[in-house]
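Colleague: Take this structure, written in structure tokens, and hold onto it; I'll ask about it next.
Values in this text are rule-based calculations from the coordinates and carry no lab data. Source: prediction; values computed, not measured. Positions of Cβ are backbone-derived with ideal geometry, glycine not excepted, and every protein chain shown enters the neighbour counts.
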Amino acid sequence: MRHKLEFLPLWGLVRAMGMQPRPLARGLGIALAQLVYLAHPKLRRVGMRNLELAFPEKSRAERKKILRKVFTGMGRQLAEFCLFPKYTKDNIKEIAIHDGFENFDAARQRGKGVLLLTGHFGGWEVGSFAHSVYGFPIKIVVRDLDNPLIDDLVRRYRTLHGNSTFDNREFARSLLSSMRAGDTVGILMDTNMTPPQGVFVDYFGIPACTASGLARVALKTDAAVIPAFTIWDEALKRYRIRFEPALRLIRTGDSEADAIANTALFTQALEKCARRYPEQWLWVHRRWKTRPPGQPALY
């Protein structure tokens, strides 16, 4: 997903915010995100439309409250991202702790590779970074940002403690080789796709074109698929990197049907998290942009 803040002089902003104490950096990040909320009616419209589609039972006021909290979370994560160079094994617990680590460890011990099924929840950048600081670097599927300087900066911060990235255009080949090597790969699977890379499965009861590559690789390699979400815990004032138990893959012998069925299974895990923490999913993305043939546009 392309950064919504690329129009800003982010290079200087990251440097300036990274020099501040954490509470002040968070305050600045949240304030900036709220300014973006006010200044960008298009993002507000998309967010409110998505919330209307997902939660028709909620009032407009309730949806607006959720959306404002989404921007608060984006600002908090921006601040933490700026502070990445300050974090080490000695202080990483100040921002993120593991929850359900035994599920990840059990999958890792199988030796067939681990696919971390995740999405744009809470502190997705914080989770992959903190996990590497704890000593468990992963590979991250990324898409290049438009600005080369910002792209270089973001990549450098993401990989400070051993994480590595590979381009989404090399998805299938890189993912297969990573699983054969027993690596761990994090995949954001909550963005709109187009056929043939995407298949239609329900998300909040609405057909959503969804990447099926993760399911195809999991079926081919028998890698473990672990739902993994980094959620802001208001009571703890830090993030919880939550690993769920490995999902049991659907195998009927029909490869295409199994790919679609497992893509639906993975999407259900994402929806479960979004329903539980609606204020922590990135609603400003046009998730239902691609429509099945004959269906009207939703935006």
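Colleague: Using only the alpha carbons of the chain, determine the length spanned along each of the three principal axes and report them from longest to shortest in whole angstroms.
Modeller: 56, 45, 38
Colleague: Quick one: P(r) of the stretch 23-161 from all Cα-Cα pairs, 5 Å bins, percents rounded to integers, in order of increasing distance.
Modeller: So the P(r) values, bin by bin, are 2, 8, 14, 17, 18, 15, 12, 9, 3, 0.
Colleague: If you filter the stretch 182-285 for GluC sites (Glu not before Pro), then keep DSSP loop positions with at most 12 other Cβ within 10 Å, what is left?
Modeller: GLU234
Colleague: Using the alpha-carbon centroid of each, what span in Å lies between the stretch 46-102 and the stretch 173-203?
Modeller: 23
Colleague: Okay, next question. Between LEU176 and TYR299, take the C-beta separation as r, use R0 = 30 Å, and let me know the FRET efficiency to the nearest 0.05.
Modeller: 0.30
Colleague: Work through the residues other than ARG22 whose Cβ is under 11 Å from its Cβ and net out their charges, Lys, Arg +1 and Asp, Glu -1.
Modeller: Every neighbour counted, the sum reads +3.
Colleague: How many percent of DSSP beta bridges within the chain run antiparallel, rounded to 5?
Modeller: 40
Colleague: Set the bar at 27 Å for Cα to Cα. Now go through LYS42/LYS237; LYS65/LYS93; LYS64/LYS86; LYS237/LYS272; LYS89/LYS237; LYS86/LYS289 and name every pair that lies beyond it.
Modeller: Correct reply: LYS42/LYS237; LYS65/LYS93; LYS64/LYS86; LYS86/LYS289.
Colleague: Considering only VAL199, VAL225, VAL126, give the residue with the highest GNM mean-square fluctuation for the chain, with springs between Cα atoms whenever their separation is below 10 Å.
Modeller: The residue with the greatest mean-square fluctuation here is VAL199.
Colleague: May I ask you to list, by number, the DSSP H helices of the chain whose Cα span along the axis is at least 18 Å and whose average Kyte-Doolittle hydropathy reaches 0.0 or more?
Modeller: The qualifying helices are 22-39.
Colleague: Count charges around GLY182 for me, please; just the other residues with Cβ under 10 Å from its Cβ, Lys/Arg as +1, Asp/Glu as -1.
Modeller: +3
Colleague: Taking the chain as a Gaussian network, where each spring joins two C-alpha atoms under 10 Å apart, which residue of ALA257, ALA228, ALA107 fluctuates the most?
Modeller: Per the Cα network of the chain with a 10 Å cutoff, ALA257 tops the list.
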